[in-house]
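Quick notes on the structure that follows.
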Amino acid sequence: MFGVVVLCTAGVAMSLTQTLIMPLIPMLPGVFDTSASHVTWTVTVTMAVGAVATPIAGRLGDMLGRRRLLLVCVGAVGVGSSVCAVAPSMPVFLAGRALQGLGVAFVAVGISIMREFVPAGRLGAAVGMMSSSLAVGGALGLPFAAFVAQTHGWRVLFWVAAAGSLACLIGIRTLVPPGGIGTGGRFDVVGALGLGAILLTLLLPLSNGPAWGWTSRITLSLSGMSILISVGWLAYEIRRRDPLLDLRIAALRPVFLGNIIGMMNAFAFYGMELIPIQMLMAPSATPHGLGVSMLTAGLLMAPAGVAAFGSSHLGARLVASRGARFTLVVAGALAITALSALMLALLAGWEFPILYLLGITCLIGTSTGMSYATLPTLIMDTVPAEQTGEANGLNALMRIVGLAVAAAVVGMILADGSIQDPGVNRIAPSAAGYLLATTAALVAAVTSVLAALLLPRGLRSSGPGGRSVRSWRREPGSARQERGSRGRLPG
């Protein structure tokens, strides 16, 4: 079990490096003598690289060996953190943040390698903890970064991240079994470049739409390019004998619906990260403002991550006893309950206490932990063992897209109609903005429940290598399965 502990700890560390930038955004324009709009690229570049790297790393892990890809991801984060720590200018800093983006792919590959060495009876719980590390790292990143940056300086923050990456690298190399040697085969370079182009042209307008303008020429042009490239990429991948992503696997009903659920749950979770943090930090004179500092706000949001981690074990047990469909419906119902409670309080104009908001965020964290624990197990029980990394990478990619869409939509709603507080000269969201943003998150939660209800009944985990989901046996085999093995590369 030491390998599982190392992987889960590393998963938290990799996720934490993605959010530690948030408290630094207000100070970076002065540090690097640049504009606030340029600083937003410190978030965008990491998200874009992570989105591109996640499915590619999953495929390469299946081909070349998953532990090897884990070491590459962790090593890249360590190098990127060191580059950020010594960066003399914004371009160098952005290069470091781009390298840190490779850490986004870590969790998907880590889940896949667990299938190779974790006993069947413990696989569900292990996968749940690993998957929920995304939420834990995201929730702990803000208070951790705010504390270190305020007490020791922002460069020390990145040195700490580099040291943590080195410790994770040693732990994985020492305690995680090497696993299989990989399936081999040829890597689809054209497919990877095409997927990268699709994601970049999709995520850039989503991330920068508020600054560029949603109807600006560059936003509309990139969005149109994303659609055109997607059409060509799909046509190419369907015809290719050894594609980057086996679209027949992605079209299986549990996998397809699981990707929708993952995207919607990520939207709801991140929406409920953005809304409460704005309420906590908004001046008390503004609607629903609670007027606490950034560090205090981050600490108050941290229990949501702890709830996500703790509920992952509950999710794994529910999957084993009642099935994935039941577990995902329960998780979605918890999110709907939490968001409805917030919406009713906003509609009533109730100036609720901090504890009420804390309870809502913890309920959302519990929902997210159960969902994130269930989805990888659902996918692993649906696809062949040799395509686990690829399928989990695609699901992780859909979560990243959900986060990006939530950041764009919820951020735009909260910014639109914001009000100026003359007492502290600060802009805060309006009551209508909070209500509309909560509605958007609620719609995402309802959509995830509807998708879960469409899953086949009786989906239960059968352990590593098992394929208890009926759709895999009854659906046509994947292109790779039909072709058989085409040789292996050295592991």
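Read the figures in this text as sums done on the coordinates, not as results from a lab. This structure is a prediction, so every number in the text was calculated from the model and none was measured. Heads up, the Cβs are rebuilt from the backbone with ideal geometry, glycines too, and the neighbour counts pull from every protein chain shown.
Computed quantities for the displayed model
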item: Degrees, to the nearest 10: 294-322 long Cα axis against longest axis of the chain; result: 30 degrees
item: Computed lengthening from Arg122 to Ser340, 0.36 nm per intervening residue step minus Cα-Cα distance; result: 75.0 nm
item: Convex hull volume per residue in cubic angstrom - Cα atoms of segment 136-277; result: 200 Å³
item: Prolate/oblate/rounded label for segment 13-134 (Cα gyration tensor, a/c 1.5); result: prolate
item: Rg(Cα) / (2.2 N^0.38 Å) computed for segment 189-239, rounded to two decimals; result: 1.22
item: Value of relative contact order over the chain, rounded to a whole percent, pairs C-alpha under 8 Å and six or more apart; result: 24 percent
item: Value of relative contact order over segment 3-102, rounded to a whole percent, pairs C-alpha under 8 Å and six or more apart; result: 32 percent
item: Tilt relative to the chain, helix 388-415 - C-alpha long axis, 0 to 90 degrees, to 10; result: 20 degrees
item: Order of Asp381, Asp188 - criterion: other Cβ atoms within 10 Å of each residue's Cβ, fewest first; result: Asp188, Asp381
item: For the chain, convex hull of alpha carbons as volume per residue, Å³; result: 132 Å³
item: Alpha carbon Rg of segment 275-420, scaled by the compact-globule rule 2.2 N^0.38 Å; result: 1.21
item: Whole-angstrom gap from segment 10-88 to segment 223-276, using each part's C-alpha centre; result: 22 Å
item: Between helix 90-100 and the chain: long-axis angle, C-alpha atoms, 0 to 90°, nearest 10; result: 40 degrees
